[in-house]
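Worksheet for the structure shown next.
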Amino acid sequence: MTTIITRLFPDHASAQKAADRLIFKGIPKRDCTVIAAGDDAKSRMADAQVHASAVDAYARGLASGNAVLAVRATYKPLGAVQLTHDILDRYDTVDVGRVTEEQKLAWKPDHAPSVMKDHPLFLTVPGLTVSGPVTSSFGMRMTKPHRDERPLTNRRSSRMFWPMKLVSQKKRTSSVFHGGRHMSRMFWPMPLLSGGERRKSVIPGGGLPLSRRLGIRTTT
């Protein structure tokens, strides 16, 4: 549910001050609209969804130097309607008679071209005006032309810091020691691999006393 809350303020400064207070308390900036006198005042009030019964009364006030504040209170932040009432009640507003200054509308998703619609410049220092991309200040390009073909060369970038060959063409050996010695021979005198025939039992003679006693097979 969306609640449109509108008030007529004595001047533009007081309306803007109230809007700034609402924004400070968490109401999105896009949901606070301050409307002053101008040729497009009624059009702006229609865009801000000001109730039709209040448009003419507000237009007369704008001609006298007043300003309209329209607040679109949704779910953000929680309790936005009560928060808006509490803040607006602290300011002096202009009585415009028996008009509708608050109406409830069905909530609709707010589609935007950017996910940063609330804070599109969240990395910008307040008060600092920057024109153009930051990269231009450093002389950098944001994009570079795409290369469809890359030149083939025999040079490798590793040669710049590693003068030796990356791959050796020598015949592979099973030992890093000259002559084929193995480090395991220093503490294990027996061969590491056996070339004898495999047996199903470690017991000499091939006995399987446990499996035979239980009547189970050792392999399937």
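Multiplying the residue separation of Lys165 and Val55 by 0.36 nm and subtracting their alpha-carbon distance yields 31.3 nm. The stretch between Arg98 and Arg198 holds 25.6 nm of extra length on full extension. This uses 0.36 nm per residue minus the Cα-Cα distance. Cross-link partners of Lys25 among lysines, defined as those whose alpha carbon lies under 20 angstrom from its own and excluding same-chain residues fewer than eight positions apart: Lys17, Lys76, Lys117.
Quick note: the coordinates plus some simple rules give every number you see, no bench work behind them. Quick caveat, the model's predicted, so the values are computed rather than measured.
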